[in-house]
């Protein structure tokens, strides 16, 4: 068995994806979460015609890409995620990718938060005029919901690429 081969283009593309993904996760805001999720959906839905109108290995690549990517988003965003009387924990909370995102969220840098209110010392003149400053606490620089939305969108692309590779290998070898 020969060693796996990869092109320089794939290596640079992977590094670019990692860099942009880390930046999106670190600075996840509602706008970036919406844009990332929308771009992921656009990419996955644009792959559907490619999986229909291509031939051979290209068709298998785009079919696997679409199937795995939309399948993952279906698990994460499906209607069964809303807890009701019978379901206490959704599928999303049980996925290994969610556990990895929770672990990564613990590494997100924090910012100091000063509570606003009487004697809170907030505002431009917080320390002037004999006002006392309230104790500060720390909070992550991004909210969990935005972080999770961006993270699951990126995971959907990674899993879609993995699915495309699996489908191409099945097409090439004739067995799965």
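A few comments on the model shown:
- A full extension of the chain between residue 17 and residue 176 corresponds to an added length of 54.4 nm, given 0.36 nm per residue minus the alpha carbon distance.
- Neighbour-count ranking [beta-carbon atoms within 10 angstrom, fewest first] of 27, 72, 105, 53: 53, 27, 105, 72
- Using 0.36 nm per residue and subtracting the Cα-Cα separation, the extra length available between residue 100 and residue 8 on full extension is 30.3 nm.
- Order of 65, 6 under a 10 Å beta carbon neighbour criterion, fewest first: 6, 65
- Placing pseudo-labels 7 Å out from each Cα toward the beta carbon at residue 143 and residue 58 gives an inter-label distance of 4.3 nm.
Read the figures in this text as sums done on the coordinates, not as results from a lab. The shown structure was predicted, so the numbers you read here are calculated from the model rather than taken from an experiment. Using ideal geometry, Cβ is built from the backbone for each residue, glycine included, and neighbour counts are taken over all protein chains shown.
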